[in-house]
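The values are calculated or read from the model by the stated rules, or taken from the named source; none is laboratory data. Since the model is a prediction, treat every value here as computed from it, not as a measurement. Note: ideal-geometry Cβ built from the backbone for every residue, glycine included; neighbour counts use all protein chains shown. All accessible areas refer to the heavy atoms of the entire protein, side chains included, with ligands and DNA or RNA removed. Shrake-Rupley method; radii C 1.70, N 1.55, O 1.52, S 1.80 Å.
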Amino acid sequence: MNRSDGLVQRRNVIRDNSEGGTKDRDSHRGGNDKDDDADDGDSKGTRLTLMEEVLLLGLKEKEGYTSFWNDCISSGLRGCIIVELALQGKVALECAGMRRKSLLNRKLLVINPEPTGDVLLDEALKHMVQTQPPESVHSWIEYLSGETWNPLKLRYQLKNVRERLAKNLVEKGVLTTEKQNFLLFDMTTHPLTDSIAKQRLVKKVQDAVLSKWVNNPQRMDKKLLALILLAHASDVLENAFAPLNDEDYELAMKRVRELVDLDLEAEAMKASPYEVIWAVFACFTK
């Protein structure tokens, strides 16, 4: 679960001289007061889950698979599943109590056991319903990832998550399925077919980070905030910044650093609907 802090510096920067003059970066649309506005991009096309968005950001468009060197996306996607369950009102953190338990020490409670209709979410939710006493967010990310030394908890592992999410994106027409030969073995890959869906997602992330709301997370839509934080935790956020000119790229990186350096406990106290988001992200920064 541990990962090195900081963001990778950009290399082989190509100057974009077409961007003349200065511009008001705060005019970029990001999060705002209304949740529906932040999902405006989704409403114009295929609606994606948080897990699918993070996977799509990390997917190599032509090759159809995630980087072999990315060892963060597996646990990051499990974090997305927990946040998605919270966004749908299925789970929540226990009260902090008089002793003000930290985010990492508070248990994740099932508040609505009814199925969501999503196979991955319902599989995770079923495990949580059957587990007593409740476990912490950190424990659940480990269990769902299969990263536990307790053999009794291995049954909670969600298997083939990336492949199952990719197949969902194939069904939605965003990806396709191909077979590629890698010398000793054949591998099923899922290249991008709907470039508009990917461009819409990238623009949504760019606009959110370049907007003035990024330093006021309480004004951002919960799913959009979770997307930025968990894309960073999954080491795929920088992929969305590649098309930016140099000036906006540096600004985006600076604002992401400021966002991830916030006091997570303090941010969680400001608005309870965001507690699970901050708790999940705390697991990747502890």
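What do you reckon, is V209 among the hydrophobic types (A, V, I, L, M, F, W, C), farther than 16 Å from C80 by Cβ and open to solvent by less than 20 Å² (accessible area, probe 1.4 Å)?
yes
Scan region 93-127 for residues that are without any contact (Cβ under 8 Å) to a residue 12 or more places away in the chain, assigned to a loop (DSSP other than H, G, I, E, B) and within 21 Å of the chain's Cα centre (by Cα) and report the count.
Residues meeting the conditions: 1.
Would region 225-234 turn up any residue that is of a type in the set (S, T, N, Q), outside any strand (DSSP E or B) and open to solvent by less than 20 Å² (accessible area, probe 1.4 Å)?
yes
For region 121-154, which residues satisfy the criterion of being surrounded by fewer than 17 Cβ atoms within 10 Å (Cβ to Cβ), among the charged types (D, E, K, R) and touching a helix residue (DSSP H, G or I) at 6+ places or on another chain (Cβ under 8 Å)?
Matches in region 121-154: E147 only.
Conditions: (1) surrounded by 22 or more Cβ atoms within 10 Å (Cβ to Cβ); (2) among the charged types (D, E, K, R); (3) part of a helix (DSSP H, G or I). E238 meets all but one. Number of the miss?
(1)
Taking the condition surrounded by fewer than 20 Cβ atoms within 10 Å (Cβ to Cβ) and closer than 13 Å to M220 by Cβ, does K270 pass?
Against the criterion (surrounded by fewer than 20 Cβ atoms within 10 Å (Cβ to Cβ) and closer than 13 Å to M220 by Cβ), K270 qualifies.
Applying the selection to region 187-204, what residues are open to solvent by 60 Å² or more (accessible area, probe 1.4 Å) and in contact with a strand residue (DSSP E or B) (Cβ under 9 Å, 6 or more places away or on another chain)?
Once the filter is applied, which keeps residues that are open to solvent by 60 Å² or more (accessible area, probe 1.4 Å) and in contact with a strand residue (DSSP E or B) (Cβ under 9 Å, 6 or more places away or on another chain), region 187-204 yields only T193.
Which condition number does Q88 fail, the rest of (1) under 23 Å from L224 (Cβ atoms); (2) without any contact (Cβ under 8 Å) to a residue 40 or more places away in the chain; (3) buried (at least 21 other Cβ atoms within 10 Å of the Cβ) being met?
So the condition that Q88 fails would be (3).
Check off (1) within 17 Å of A240 (Cβ to Cβ); (2) of a type outside the set (K, R); (3) not in a helix (DSSP H, G or I) for D186 and give me the number that stays unchecked.
The single condition D186 does not satisfy is (1).
Find the residue count for region 171-183, including only residues that are surrounded by 13 or more Cβ atoms within 10 Å (Cβ to Cβ) and assigned to a strand (DSSP E or B).
Going through region 171-183 one residue at a time, the tally reaches 2.
Every residue in region 241-267 that is crowded, with 21+ Cβ neighbours inside 10 Å and without any contact (Cβ under 8 Å) to a residue 24 or more places away in the chain, please.
Once the filter is applied, which keeps residues that are crowded, with 21+ Cβ neighbours inside 10 Å and without any contact (Cβ under 8 Å) to a residue 24 or more places away in the chain, region 241-267 yields nothing.
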